[in-house]
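Here the structure is laid out as structure tokens; the discussion comes afterwards.
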Amino acid sequence: MKNHKIIPRGKNVLVKPDPEQSRTTEYGISIPTNVEQDKKAVGIVIATGSEIKDIKVGDRVIYGVYSGESVKLMENGVEVDYVLLLEEWVLAFLK
């Protein structure tokens, strides 16, 4: 698969989920969502749409685990996970 770049439109934000917030164990075992106690996720903003004013690339944000659209892209031969969110689905900033 070829490398691609996602450019969010309008009020969309592209977030790369924080690997520390991963839902898999160090051995690659997936943790079922009904076992999760915390229903929030943390990620780093990779790109923003043209209508976004207060969210910047590089911001660490909190968003709902079930918010947005999951996107997988190939980067240098490795599959990388991203989440495409609407601006209002970003709940808070982490400083």
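General remarks:
- The residues in segment 36-95 that are part of a loop (DSSP other than H, G, I, E, B), modelled with pLDDT under 90, surrounded by 13 or more Cβ atoms within 10 Å (Cβ to Cβ) and not polar (S, T, N, Q) can be counted, and the count is 1.
- Remark: LYS16 falls outside the filter, which requires a residue to be surrounded by 10 or more Cβ atoms within 10 Å (Cβ to Cβ), of a type in the set (Lys, Arg), touching a Ser or Thr at 6+ places or on another chain (Cβ under 9 Å) and at pLDDT 90 or above.
- So ILE7, is it at pLDDT 90 or above and of a type in the set (Val, Ile, Thr): yes
- When SER67, SER50 are screened for being out of contact with any strand residue (DSSP E or B) (no Cβ under 7 Å at 6 or more places or on another chain) and among the small types (Gly, Ala, Ser), only SER50 passes.
- Pair list, Cβ under 9 Å, 6 or more apart: segment 58-71 residue within 12 Å of GLU87 (Cβ to Cβ), other residue of a type in the set (D, E, K, R) and in a strand (DSSP E or B): TYR63/LYS40
- Residue selected from segment 50-83 under the condition among the hydrophobic types (A, V, I, L, M, F, W, C) and touching a helix residue (DSSP H, G or I) at 6+ places or on another chain (Cβ under 8 Å), by the criterion farthest from LYS39 (Cα to Cα): ILE52
The values are calculated or read from the model by the stated rules, or taken from the named source; none is laboratory data. Note that the structure is predicted; figures quoted are calculated from it, not measured. Every residue, glycine among them, receives a Cβ derived from its backbone with ideal geometry; neighbour counts consider all protein chains shown.
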